[in-house]
1. Sum up the charges of everything whose Cβ sits under 12 Å from the Cβ of A:Glu64, counting Lys and Arg as +1 and Asp and Glu as -1, but leave A:Glu64 out.
2. With unit charges on the beta carbons (Lys and Arg positive, Asp and Glu negative) and the dipole taken about the Cα centre of the protein assembly as shown, which residue among B:Pro258, B:Leu37, B:Trp59 sits farthest to the positive side?
3. ³J(HN,Hα) across segment B:82-95 via Karplus (A = 6.51, B = -1.76, C = 1.60, θ = phi - 60°), whole Hz, x for Gly/Pro?
4. Cα extents of chain B along the three principal axes, largest first, in whole Å?
5. Which residue, chosen from A:Ala194, A:Ala125, A:Val22, occupies the Cα position most advanced towards the positive end of the dipole of chain A, where the dipole is computed from +1 (Lys, Arg) and -1 (Asp, Glu) charges on Cβ about the Cα centre?
6. When Cβ neighbours within 10 Å are restricted to other protein chains, what is their mean count per residue of peptide B:124-134?
7. Using a Förster distance of 22 angstrom, determine the FRET efficiency expected from the C-beta separation of B:Glu318 and A:Thr211, and round it to 0.05.
8. Sorted from fewest to most neighbouring beta carbons within 10 Å, what does the list A:Ser127, A:Ser172, B:Ser25 look like?
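What follows draws every value from the coordinates through simple rules; no lab data is involved. Computed from a predicted structure; not experimentally measured. Neighbour counts are summed over all protein chains in view; Cβ atoms, including those assigned to glycine, are modelled from backbone coordinates with ideal geometry.
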Protein chains: 2
Amino acid sequence: MTKTPFLSVTRRVRSTPFTRRVTESGVKAYTVYNHMLLPTMFESFEADYHHLKKHVQVWDVAAERQVEIIGPDAAKLIQWVTPRNLAKMQDDQCYYIPMINEKGGMINDPVATKISDNRYWVSLADSDMLYWLKGLAIGKGLNVDIFEPDVSPLAVQGPKSDDLMADIVGNSIRSLGFFRHRNFNIGGKNYLVARSGWSKQGGFEIYVDGTENGEPLWDILFEAGEKYQVRAGCPNGIERIEGGLLSYGTDMTHENTPYEAGLGKYCHRAGMDVCIGGDVLLAEKKAGSKQMIRGLIIDGDRVPLCHNPWQLTNAAGEKVGHVTAAVWSPDYGKNIAIGMVDKKHWDHETVLNVYATDGKRRATVGPLPFAAY
Amino acid sequence: MTKTPFLSVTRRVRSTPFTRRVTESGVKAYTVYNHMLLPTMFESFEADYHHLKKHVQVWDVAAERQVEIIGPDAAKLIQWVTPRNLAKMQDDQCYYIPMINEKGGMINDPVATKISDNRYWVSLADSDMLYWLKGLAIGKGLNVDIFEPDVSPLAVQGPKSDDLMADIVGNSIRSLGFFRHRNFNIGGKNYLVARSGWSKQGGFEIYVDGTENGEPLWDILFEAGEKYQVRAGCPNGIERIEGGLLSYGTDMTHENTPYEAGLGKYCHRAGMDVCIGGDVLLAEKKAGSKQMIRGLIIDGDRVPLCHNPWQLTNAAGEKVGHVTAAVWSPDYGKNIAIGMVDKKHWDHETVLNVYATDGKRRATVGPLPFAAY
């Protein structure tokens, strides 16, 4: 792909409660995520990145669509689809939960929000888990109702997020724990707010209940945020690789297990004993994984965009993995990448070849996130 | 949305076996469909349209992803998800099958291809029916294997399609019936070819089994097609509205039943008696539908693009439906549209108001497809 193509938008590519404001803010590029517009660039990837790491941004992440599971069998269903043990989850907690199929392959990596013992929201990465959950529930005859509520996350991200939110809802928000949620009154309406978000710069996600509330809330944040140099932003491809934040569909697919994706800490015996595909994960835990996700430093000038995996080879020219995302990091002054590497070659400091779109380069295996460098 | 945005491409937005050729052919815009690139424009919407109606085009419709259902319970599963009666389906037939949820709402409208009594391919519109089918099968304990095979449809569309294909595989293809399929040898490999495709200009869909076969097949079609002025093309937003071809996610969503989408002829008693949501459809059949899809002629100059539904009102200013897609038809010299209209106002020749992005216009209800005008 040599030229950046245009995106054709029809109703099928859904707008969000914030799309008009995003457009007014000068969005330049989108991706499509859960059949919905997800902004990817405003000024430029690098300008957006520098601003995010210094100030505060408001992100339209409505494309993280919610699935609501409500009813007596809600807890049973949600434990059936993830190897993470949910037994101790509190009703003010959010859990990152790898979701897997019957072969242990990842089919999503959402954040689940527990609202009460029989009510959850699942904030999706890009695959239609609504159908998976509903299919399982109907097939098994579970007593739950499952639907996509009119709830759209709006993220506040960046080092000044606490200051901005405290100005709006009061200082009590500063004590909100990581991946904890609470209700806050904003503009006369209660919103569930969680300390979460797809950056390592700190911040919150506001679960905007009701499309009609999107623009008023956006406007409140921008009015209060003026003194913090607030801007419209979006998940940033440089910052997320620096931080080792994985993108489902890019860094791991249904062909990878959570162990391979470096998510072994979310695979618990109590979960694997009851979840679909748990037997496959238990066998992998015993036998060891064949490949695993790693950070990589790629030599040379600024790498081109990585649209499709770049092959990794060893000195003998054998295929030993692939790079799934790569970018020039201005702050590190290096090309950083995420890739899947075979066991024999996954040790840190291992030197490999990578076949980038513009040719062969040297790549060095390392840890994720890159802050460790 | 005032300006056409760019599309950011990462691995999550999958390339197809034909993407390199599509790029070389000068694609200008894409949409994302089943997490995959689907071209939407080459020269311009109108130039592509005129060429399609006169010559022959090759379309990368790999984004119509396949779900393979294989095993002793395959027929049982597929009948469970559609109100269409599949009892008489032959193993050389393709059926258009509305798929519905437990509320009778449409969740896809794929073409199902029967390969044998226990093996089907389902060629999807834009939603992850893989998970719906797998969830149901796992929940119910059905004896089937369900997966996305490495099969990518490549369409040959336009009035010269028969001539082009006959030059390649012989004249026997001319007798292939509508929505029938047969295997043909192309370049030394057998491909399943169906007389089908998302245009009303005639043509075929070649189910390309194996990514590695994509480019060789593309090249064979373009070499043989030179004398027919073959071009790279794609589903065309003007031609499809003229022909009344519905787009799932645009013209109907999970909030609409097949009856509302004008697909009552695919709702059979034998199907509704056994399929999920069939009871809801039987009740609607008895009580009558409250709204239904219609064609509309919109007065005035060329309409803008319709990104989000445009409200329809009656003379009293009451909301009576919405337009889901609208375009200027060069051949009809009119603005043509598809919309959902309430019962009281769905009769042909009813005059309504439509609130297009650029203001209020007059709209006249009529039949679909527009050829009837």
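1. So the surrounding residues net to -4.
2. The residue sitting most towards the positive pole is B:Pro258.
3. Values per residue, Gly and Pro as x: 9, x, 6, 6, 9, 4, 9, 5, 8, 7, 10, 10, 10, 10 Hz.
4. 65, 50, 42
5. A:Ala125
6. Per residue, the number of nearby Cβ atoms from other chains is 6 on average.
7. 0.55
8. In increasing order of surrounding Cβ atoms, one gets A:Ser172, B:Ser25, A:Ser127.
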